[in-house]
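What follows is a set of notes on a single structure, which appears directly below.
The values are calculated or read from the model by the stated rules, or taken from the named source; none is laboratory data. Model, not experiment: these values are computed from the prediction. Cβ placement follows ideal geometry from the backbone for every residue including glycine, while neighbour counts extend to all protein chains displayed. Side chains are part of the model used for accessible areas, which takes the heavy atoms of the whole protein and leaves out ligands, DNA and RNA. Shrake-Rupley method; radii C 1.70, N 1.55, O 1.52, S 1.80 Å.
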Amino acid sequence: MGFGTGDPSSLMRELLQITGGCAVIDGGLATELEAHGADLNDPLWSARCLIDSPHLIRKVHLDYLEAGANIIISASYQATIQGFESRGFSTHESEALLRRSVEIACEAREIFLKGYSKGSCDANENKLISTQPPILVAASIGSYGAFLADGSEYSGDYGEAITKESLKDFHRRRFQVLAESGADLIAFETIPNKIEAQAYAELLEESNINIPAWFAFNSKDGVCTVSGDSIIECASIADSCNKVIAAGINCTPPRFIHGLILLIRKVTEKPILIYPNSGETYDGSKKEWVASTGVSDEGFVSYIKRWQEAGASLIGGCCRTTPDTIRAISRTLFHEHGTPETSIA
């Protein structure tokens, strides 16, 4: 991107400066892949599409860019070397699939920017000037529970045999591959417990790779992570790691977000990111979402001003949110601040 100055924190600081203090993260990937006909009933979940339908991933990334996303997240949340190897791929092939997840996102960004550039040129001929904020590609790293594909990323219960060192060993090579894939940052997502946050922070600090990251935790009650660990303690881990440039919450019902932002703000001055799910409940045994307290796009967007006033500066959606959700977020944020939307439509 030619963006940033070598200081990891400058990446997010410069993006937020350009976008007027708020930026938009994309929405649910698996939700849209299924809407386009992908069968995700597989332990690899959305990562299965890296193998048999990468064009659908590219299409979803483009849909979110057109909707106004400033940051798109790669299809690597449930992509692990161990998971691919269990399907018969070699280590070399598994690592190539991880890199491919970022390449697809970068391809979508390039396609979008070419279209935006052409649109801007056409507009300038008519004396209209528009500005395209930077687009960042975040390489997703899901929790160990996501690899298990048993819903334990929604409980954080890995058993007594799993230690901080074993989690570091599990994630290390995957992190190295994604860090060198061309992504702008690493998104550690749906972190369910403190021990995995500690493992991630140590991997970042021990690494010679100078790539920034964000930590996104998931909460069950607006106070603790899904495992019962204190959100304040978890956010403090993110705050103490120099390579973590933002911290916050994902895949959590919207009704809990405001209180969580206030808790995180107590322990960090780093940008706070939030990308909640629709509020529906995931049944790990059936591997499906159960409609319960889900909210409409209008209901989702109604929270945004309050979230922003509480301190959130990066806002998007997670499971069961769509490009329509992200479009509504973008319009709400940027119309209020007079900042141009990213869409070329």
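Things to note:
- Gyration tensor verdict on the chain (Cα atoms; rounded if a/c is under 1.5, prolate if a/b is larger than b/c, oblate otherwise): rounded
- Point-to-point label distance, D324-E206, nm (Cα→Cβ direction, 7 Å offset): 4.6
- Solvent-accessible area, 1.4 Å probe, carbon plus sulfur percent, for the chain: 49
- When only Cα pairs below 8 angstrom with a gap of at least 6 residues are kept, the chain shows a relative contact order of 21 percent.
- Full-stretch length increase - E110, E180 - with 0.36 nm per residue and alpha-carbon distance subtracted: 23.3 nm
- Helix content alone sets the calculated 222 nm mean residue ellipticity of the chain: runs of n ≥ 4 DSSP H residues at -39500 (n - 2.57) each, divided across all residues, give -14000 deg cm²/dmol.
- Measuring against 32 Å, Cα to Cα, the residue pairs K114/K164; K59/K194; K168/K270; K168/K305 contain K114/K164; K59/K194; K168/K305 as the ones spanning a longer distance.
- Linear extension gain, I232 paired with E298, 0.36 nm per residue minus alpha-carbon span: 20.8 nm
- FRET efficiency for H92 and Q198, using Cβ-Cβ distance with R0 set to 35 Å, rounded to 0.05: 0.70
- Computed lengthening from E165 to I51, 0.36 nm per intervening residue step minus Cα-Cα distance: 38.0 nm
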